[in-house]
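Laboratory data are not the source of any read-out in this text; all were calculated from the coordinates shown. Model, not experiment: these values are computed from the prediction. Note that we place each Cβ from the backbone using ideal geometry, even for glycine, and neighbour counts take in every protein chain shown.
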There are 2 protein chains.
Amino acid sequence: MYQSEYLKHFTEQVFTAIGCSQEEATLAATVLISADLRGVDSHGIARLAGYVRLYDNGRLNPAPQIKVVYETPSTAVVDGDRGLGLVVAPKAMEVAMEKADKVGSGWVSVRNSNHFGIAGYHAMLALEKDMIGWTMTNAAPLVVPTFSLDKLLGTNPIAVAVPAMQEPPFVADFASTAVAYGKFEILQRKGLPAPIGWAQDAEGNPTTDSNAVKSGGGLLPLGTDREHGSHKGYGLGAIVDIFSGVLSGANFGPWVPPFATAGFMTAGQGVGLGTGHFVGAMRVDGFRPADEFKTDMDKWIRAFRGARAVEGKQVIIPGDPERELEAIRSVEGIGLLEPVVRSLSELGKRFGIPFEEQL
Amino acid sequence: MYQSEYLKHFTEQVFTAIGCSQEEATLAATVLISADLRGVDSHGIARLAGYVRLYDNGRLNPAPQIKVVYETPSTAVVDGDRGLGLVVAPKAMEVAMEKADKVGSGWVSVRNSNHFGIAGYHAMLALEKDMIGWTMTNAAPLVVPTFSLDKLLGTNPIAVAVPAMQEPPFVADFASTAVAYGKFEILQRKGLPAPIGWAQDAEGNPTTDSNAVKSGGGLLPLGTDREHGSHKGYGLGAIVDIFSGVLSGANFGPWVPPFATAGFMTAGQGVGLGTGHFVGAMRVDGFRPADEFKTDMDKWIRAFRGARAVEGKQVIIPGDPERELEAIRSVEGIGLLEPVVRSLSELGKRFGIPFEEQL
């Protein structure tokens, strides 16, 4: 087990080693390790080597000039200057929150960025200001629209964070697909098949092959097939792509470049700049007095948490499992898989930063 | 077959007969019949008798004072004064679009309303101004969150309309459930079972009983089960509910009152005012020059429409089927089921407005 502070400090040092400022390295490390703390292991320190590879490939600018290139009082486009999405997204959220402070809400579409880590982190930045946070990002194409044989959308997640009064906040953070690609990587490592409804094969048939996406198949949208609403998952992923990519002037659809670790995908010819995000903040008291709203959110949360449940299960509020895991992992530490430890040791050797293996 | 103008005129007369102004009756009829034209028959003239029953039950104010009760430059709460949702929602969209005109975007949460017809109609109002339109509404509880035995959410739809240049607009309009409740009503009429994955029974088990929702069961969220992402559909429905109900001070969750026709549901004790909606508009040129954006939307639409498809199928752009049906039904007319014709004849007799039966 590794203490989160240890992993954060290591990550920080790697980011400064490739040329990030101390401030941005700290921010990026905080975002990255928050994924490990919250149980979204696929988006945490496991990706650190990938970000370094992005840098090696000339796609990552460690000292970006992140700036607003277009704006109105409540909207803006931010250009990330090929910076770490881990840094670009929180800075874009700052712009959105400043606008919300002044005119009630702020909505920022971001171009020229890279993978931004877990969507929920950025949305949650709004909570301490009694704002609702909204975050989305497009991603490299792994997903087939309904009836398509071509992969045209990423897993395109949405995160929405809503403050409550005495209850912990509502934090929904989910991909617009049946499952995240990370679930396939776990099955691949174990040599196990996937449930029907997660992916299709190269001919568009249902498949249990956990390697299907690598061999011409594709991830299925939330809903899995037409009869169960896959066109709705496709519509949702499309909305994320349009708001993140088309509205900002980033790449969109089949042209979104792959994250560095995704070796089996080839980068498309670009139609815009880098990866796109969309972030927003709304002041709760742009609608109602904040205390009234948050008291009603408590009522909402208690009604749902108190629902009668299927035997042996309970009704969960979005954000509950991640928050509970964060409480545990903050104390007990974070377990890392052997390949992740190896990749961190290699980074440590390359940059002269000792990484203590604990397996 | 009935010409849409004939049905619209009849609807208008019914609404004026219960006390609506001519202007509002025309608007309400236009919204209602647009559902029939676009193929969303369950939300069209089939519900006219239901709106009249709302009036008979004292829940509908035919002459509402619809007004902004709270606002910032980019946000507002509109109180619908128990008016027809068919009228309240377009007026709230007007407020959102005025705000977008001035500060880039406008977001309006609506309380004290009723069923607003098809979500897509209201979102599409933004298109002619080169804005992106966003519409959501909560609804009476028919849907079980993941692992819940209690119905806590409505089918809570989302509609997003995005303008393009030469291509027709992108119009996604979908419930946050595996299927809309109307699909069950069709199966009930025909005495047919439902596919697994649409509903659960009173014990939370998968069921093919098309009457399950009436006998203690519930509609399943988009994703159908935990393994295929039902917690994401639940999260989406929850976001719609919070934005529409909690943010406005309307009813939310299990407390949203039933639409008049849903006789098998009992009205909850209220926690707010009426039904809630959430509508928004963003000026495309709040982000990029509108022509650049719309040209890229054409590129997006063509990439998706041109994708390789499963044999005998094609990849559809959200909004395509409804637009194609509207073109056909505008010319050939609209077919009505016998029970709908009967209900319209009865309304005609009651109000002294002849309805010509054509079966």
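Each Cα pair under 8 Å and six or more residues apart adds its sequence gap; the mean of these over the residue count of the range B:253-359 is a relative contact order of 11 percent. With label points set 7 Å from Cα along Cα→Cβ, the inter-copy distances at B:Ser21 are 5.6 nm, sorted shortest first. Taking a ≥ b ≥ c as the square roots of the Cα gyration tensor eigenvalues, the range A:121-236 comes out prolate, since a/c reaches at least 1.5 and a/b is larger than b/c. The tail of the calculated P(r) for chain A, taken as Cα-Cα distances beyond 29 Å, holds 41 percent of the pairs. Where a ≥ b ≥ c are the square roots of the eigenvalues of the C-alpha gyration tensor, would you call the range B:269-359 rounded, which needs a/c under 1.5, or, failing that, prolate if a/b is larger than b/c, or oblate? Note, shape of the range B:269-359 comes out oblate. Among the listed pairs B:Lys99/B:Lys183; A:Lys232/B:Lys91; B:Lys67/B:Lys151, those whose Cα-Cα separation exceeds 30 Å are B:Lys99/B:Lys183; B:Lys67/B:Lys151. By the beta-carbon count within 10 Å of each Cβ, the least crowded to most crowded order of A:Glu322, B:Glu24, A:Glu185, B:Glu203, fewest first, is B:Glu203, A:Glu185, A:Glu322, B:Glu24.
Cα centroids of the range A:166-217 and the range B:292-359: 34 Å apart. Mean partner shielding of peptide A:203-214, defined as the number of other chain Cβ atoms within 10 Å of each residue Cβ, is 1.
Report summary: the helix-based calculation at 222 nm, which adds -39500 (n - 2.57) for every DSSP H run with n ≥ 4 and divides by the residues of chain A, gives -11500 deg cm²/dmol.
Here is what passes the span test in chain A: the DSSP H helices with alpha carbon length of 24 Å or more along the helix axis and a Kyte-Doolittle mean of -0.5 or above are A:85-103. Counting 0.36 nm for each residue step from B:Glu357 to B:Arg305 and taking away their Cα separation leaves a gain of 14.7 nm.
As a calculated quantity, the FRET efficiency between A:His9 and B:Glu23 at R0 = 56 Å, using C-beta atoms, amounts to about 0.25. The packing ranking of peptides B:75-85, A:286-296, B:56-66, highest mean first, is B:75-85, A:286-296, B:56-66, where packing means the average number of other beta carbon atoms within 10 angstrom of each residue.
Closest approach of a chain B Cβ to the axis relating B and A (residue, whole Å): B:Ser74, 2. Shielding value for A:143-149 is 6, the average number of Cβ atoms from other chains within 10 Å of each residue's Cβ.
Using only the Cα atoms of the protein assembly as shown, build the gyration tensor, take square roots of its eigenvalues as a ≥ b ≥ c, and label the shape rounded, prolate or oblate: rounded if a/c is under 1.5, else prolate if a/b is larger than b/c, else oblate. Because a/c hits 1.5 or more and a/b exceeds b/c, the protein assembly as shown counts as prolate. In this assembly of identical copies, the label point of A:Lys349 (Cα plus 7 Å along Cα-to-Cβ) is separated from its counterparts by 9.0 nm, sorted shortest first. The alpha carbon centroids of the range A:1-52 and the range B:228-257 are separated by 34 Å.
Based on C-alpha pairs under 8 angstrom that are at least 6 apart in sequence, chain B has a relative contact order of 21 percent.
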